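Computed from the coordinates by the stated procedures, all read-outs in this text should not be read as laboratory data. All of these numbers come straight from a predicted model, not from anything done at the bench. Neighbour counts run over all protein chains shown; Cβ positions are idealised from the backbone, glycine included.
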Amino acid sequence: MIGTVSSKYALRSLFRSPVRSLLSIIGVGVSCAMALFAASWIRGGAEMQIRAASECGSGHLRIVPDEWTEKRLNSMRLADWGQAIEGVNSIQNVRSVSMRARANGLVAFGIRTSAVEVVGVNPEEEFKSNRVVYKSELHGRYLREDDINKVVIGHALAKRLDVDIDDDLYVTVSGRDEIQSVMLTIVGIVKTGSRDIDASICHTTLTEIERMTGYEGPGEISVLLDSHKLIDSRQKELAQKIGNGNTVITWKEVNPALAANVEGDTAFTKGLVAIIVIVASLGIASAQLTAVLERKHEFAILSALGMKVRQVIGLIVLEALIVGIGGTVVALMVGGSLAYYLATHGVSLAAVMGDNFSIGDVLLDPYMYGDFGIWLVWYAVGISVMSTVVASLYPAWLTTRINPADALRTA
Amino acid sequence: MNDSPSHVLVSARNVTKVYNTDKIESHALRGITLEVRSGEFIAIVGPSGSGKTTLLNLVGALDSSTTGELRVLGKDLCAMNKRLRADMRLHSLGFVFQAYNLIPVLTSQENVEFVLELQDVGNERRQRATETLQQLGLGEFADRRPNELSGGQQQRVAVARAVASRPRLVLADEPTANLDGENAEILLKMMKDLNHDHGITFIFSTHDPRVVAHAQRVVTLVDGRVSKDEKKEPSVADHSKEE
């Protein structure tokens with residue numbers, strides 16, 4: 001326990017060399033600010049990628065048939081999708097739900113062909129939940145519930161096939177018993193800005209794909225939640241309510257490459273923060289070591305007076321703690337301001353991604369925004385205090401090695 | 001613990017201290033045998049290098065003897081670990097140093113209070129520090145830092161710090177060495193009063209004839225040995241006992 005006089009001693013000791021103390025505080029603060037900015041950037045980036053992935057059809061959660069994760073066959077359909085939908089409707093914080101069925105297919109116009117994944121959708125739900133649809137430039141119109149033999153394709157696919165609105169595409173898909181071919185009229189052409197995505201979009205109605213393939217019902221139900229932070233809790237809850245034969249997976253299992261990317265970024269941030277903490281700690285340790293060695297005689301006096309090892313360590317750590325608190329203030333002023341700017345103004349990704357804002361079939365936002373919140377305070381306190389306290393341990397240990405007999409010798 | 005005037009506070013039997021530096025042995029003490037009783041006011045004199053400071057270091061539990069038996073306040077110092085020694089220094093011993101050694105960033109009041117805080121003295125800490133300073137005529141200097149005090153005033157604050165924790169034995173290493181005649185007299189009178197009024201035992205190392213003149217017992221060290229141990233007059237505490 002550090003008493004009043006000890007606290008005054010620790011505080012006033014920092015003012016013996018105010019420039020050194022100020023530099024220490026600035027050093028800790030700026031290092032911590034860098035860490036805050038990096039964390040804001042990476043957290044914002046991770047959140048953006050999760051949001052993009054979940055809004056590009058993955059959903060935060062997806063109900064799929066058992067074994068879909070291993071087989072990933074487009075011919076697989078949900079066991080009891082009615083019960084699954086009931087399960088989804090019974091949980092809270094659901095922003096939107098989208099049912100889909102997929103089929104591997106080939107589209108042809110004249111002598112031009114292209115392999116595609118034909119996706120049967122519920123048009124109204126899809127328009128609300130899939131940013132590939134609602135964020136894109138749409139030539140013509142999107143699908144309607146009562147459409148028969150209609151299709152919406154991507155801009156790049158349309159260019160490849162040299163087709164336009166009202167042209168009839170010859171679509172061939174693998175069905176339950178045999179290969180099926182139908183003529184579908186193009187009602188809309190979607191331009192997302194991503195060539196990869198635009199080359200793969202081929203949407204028709206869920207009814208149409210059931211008719212084409214002979215498989216009944218949806219193959220997946222995507223669920224968008226109010227926040228990605230609810231994923232774990234809602235996944236467990238939903239898993240209890242969807243019946244046998246189906247399973248609930250997250251966007252990570254749908255997009256393992258993107259998930260690995262996000263986890264890699266998070267690990268990088270942690271590594272970066274660790275390096276910053278180590279560098280800041282070494283700087284503080286050096287400054288504090290000097291401060292302690294300058295007061296070697298004084299610590300010998302205190303030891304001669306009967307100050308115990310734990311009290312000496314407490315004193316040194318308290319001094320470090322004060323520097324850490326000062327560093328926290330600097331970090332919040334500098335790092336907090338940068339993070340706030342990043343969170344409100346964002347950074348254009350055009351410089352690094354050109355005009356292709358996508359990773360795989362995930363359409364990213366053209367601007368990346370940093371994360372800003374109360375977590376910055378805990379980060380700043382944690383990093384500043386941890387680095388200074390860790391840095392003080394060696395000088396504190398060294399102080400306990402000082403021989404009190406030195407006190408009786410003249411300084 | 002019995003603190004009657006005849007009670008032995010320090011008992012040294014054939015105490016030696018050898019320093020080993022760069023493979024060279026330096027014999028600082030060569031078999032000191034000495035007893036100090038409660039209430040004594042002792043001066044340890046001798047030429048430089050005779051072992052005065054080493055003896056104070058050993059008695060003050062700041063250093064360990066090489067051989068021999070040293071008991072302070074009834075406890076065998078050789079058998080005590082670092083923590084117990086610190087505990088003894090904090091609770092039972094007081095130190096006055098030649099260079100005052102006050103903490104420069106603390107006021108007089110805080111310097112005195114600091115030791116009490118280390119002792120975990122609770123709410124009465126501030127009051128006790130104030131009382132001690134006032135008793136020693138330092139009340140008006142309570143809020144001053146050491147650099148705002150004269151050498152004599154600093155040394156008196158150092159004495160206040162040494163006695164505020166109510167130690168049974170105060171060790172003073174050349175306490176008047178840096179003081180002029182007037183301040184040295186004031187300091188010695190203050191310490192004699194503490195010896196007389198509170199029965200605190202004082203052991204000084206000194207070259208100063210003024211201190212020697214005040215001492216009731218003078219132990220002379222030469223080359224690490226006690227060459228002379230003479231009682232000049234009955235101690236103040238002994239006076240009290242006789243009365």
Report summary line: Sorted largest first, the Cα spans of the range B:100-243 on the principal axes come out in Å as 45, 34, 28
Query raised in the report: Among the helices of chain A (complete DSSP H runs), which have Cα atoms covering no less than 27 Å along the helix axis and a Kyte-Doolittle mean of at least 0.5?
Result: A:18-53, A:256-294, A:309-345, A:375-400
Query raised in the report: Given charges of +1 on the Cβ of Lys and Arg and -1 on the Cβ of Asp and Glu, with all other atoms neutral, how large is the dipole of the range A:162-277 about its Cα centre, in debye to the nearest 20?
Result: 820
Query raised in the report: Where does each of A:41, A:397, A:378 land when they are ranked from fewest to most other beta-carbon atoms within 10 angstrom?
Result: A:378, A:397, A:41
**Report entry** Two-decimal Rg to Rh for the range B:114-168 - Kirkwood Rh, Cα set
**Finding:** 0.96
Query raised in the report: FRET efficiency for residue A:267 and residue B:231, Cβ-Cβ distance as r, R0 = 56 Å, nearest 0.05?
Result: 0.10
**Report entry** Globularity index of the range A:171-247, i.e. its alpha-carbon radius of gyration over 2.2 N^0.38 Å
**Finding:** 1.50
Query - Net charge, residue A:244 excluded, C-beta distance under 11 Å - Lys, Arg +1, Asp, Glu -1 - result: -2
Query - Residue-span extension gain [residue A:309 to residue A:401] - 0.36 nm each, minus C-alpha spacing - result: 32.2 nm
Report summary line: Links exceeding 32 Å between C-alpha atoms in this model, out of A:191/A:270; A:270/A:308; B:23/B:52; B:75/B:232, come to A:191/A:270; A:270/A:308
Query raised in the report: Mind checking which of A:387, A:222, A:114 has the largest fluctuation in a GNM of chain A, springs on alpha carbons under 10 Å?
Result: A:114
Query raised in the report: Hey, with R₀ at 60 Å, roughly what FRET efficiency would residue B:196 and residue A:374 work out to, going by the Cβ-Cβ distance, to 0.05?
Result: 0.40
Requested in this report: Quick one: among B:53, B:21, B:201, which has the greatest mean-square fluctuation in a GNM of chain B with alpha-carbon springs under 10 angstrom?
Outcome: B:21
Report summary line: Under Stokes-Einstein, the protein assembly as shown at 25 °C and 0.890 mPa s, with its Kirkwood radius over C-alpha pairs, diffuses with a coefficient in µm²/s of 78
Query raised in the report: What is the Cα centroid distance between the range A:1-48 and the range A:162-233, reported in whole angstrom?
Result: 55
Query raised in the report: How large is Rg over Rh for chain B, taking Rg from the Cα atoms and Rh as the Kirkwood inverse mean of 1/r across Cα pairs?
Result: 0.96
Query raised in the report: Taking every pair of alpha-carbon atoms in the range A:255-411, what share in percent sits in each 10 Å bin, from 0 to the bin with the longest distance?
Result: 10, 26, 24, 17, 11, 7, 4, 1
Query raised in the report: Okay, helix-only estimate at 222 nm for chain A: each DSSP H run of n ≥ 4 adds -39500 (n - 2.57), divide by all residues, round to 500 deg cm²/dmol; what do you get?
Result: -17000 deg cm²/dmol
Query raised in the report: Just the C-alpha atoms of the range A:1-132: what Rg/Rh do they give, with Rh taken as the Kirkwood radius?
Result: 1.36
Report task. Positive end of the charge dipole of the protein assembly as shown (Lys, Arg +1 and Asp, Glu -1 on Cβ, about the Cα centre): tell me which of A:37, A:119, A:104 has its Cα farthest that way. Result -> A:37
Report summary line: Computed curve, the range A:67-244, Cα-only Debye sum without solvent term, log₁₀ I(q)/I(0) at 0.11, 0.13, 0.20 Å⁻¹, is -0.49, -0.67, -1.35
Query raised in the report: Considering chain A as a Gaussian network with a 10 Å cut-off on Cα pairs, which listed residue, A:211, A:234, A:51, attains the greatest mean-square fluctuation?
Result: A:211
Report summary line: Out of B:138, B:103, B:170 - ranked by how far each Cα lies towards the positive end of the dipole of the range B:100-201, with unit charges on the beta-carbon of charged residues - the top one is B:170
Query raised in the report: Taking the Cα centre of the protein assembly as shown as origin and charging only Cβ (+1 Lys, Arg; -1 Asp, Glu), how large is the dipole, in debye to the nearest 20?
Result: 2480
Query raised in the report: Which angle from 0 to 90°, rounded to the nearest 10, does the C-alpha axis of helix B:151-164 make with the longest principal axis of chain B?
Result: 80
Report summary line: Here the alpha-carbon Rg of the range A:93-167 over 2.2 N^0.38 Å rounds to 1.18
Query raised in the report: What value, in deg cm²/dmol to 500, does the helix sum -39500 (n - 2.57) over DSSP H runs of n ≥ 4 give at 222 nm once divided by the residues of chain B?
Result: -10500 deg cm²/dmol
Requested in this report: Excluding residues on the same chain fewer than 8 positions from residue B:82, give the aspartates and glutamates whose Cα lies under 14 Å from its Cα.
Outcome: B:63
Report task. Between the alpha-carbon centers of the range A:69-113 and the range A:370-388, tell me the distance in whole angstrom. Result -> 42
Report summary line: Treating only Lys and Arg (+1) and Asp and Glu (-1) as charged, each at its beta carbon, one finds that the range A:67-244 has a dipole about its Cα centre, in Debye to the nearest 20, of 580
Query raised in the report: Modelled label-to-label distance, residue A:80 and residue A:393, 7 Å Cα→beta-carbon offset: nm?
Result: 5.6
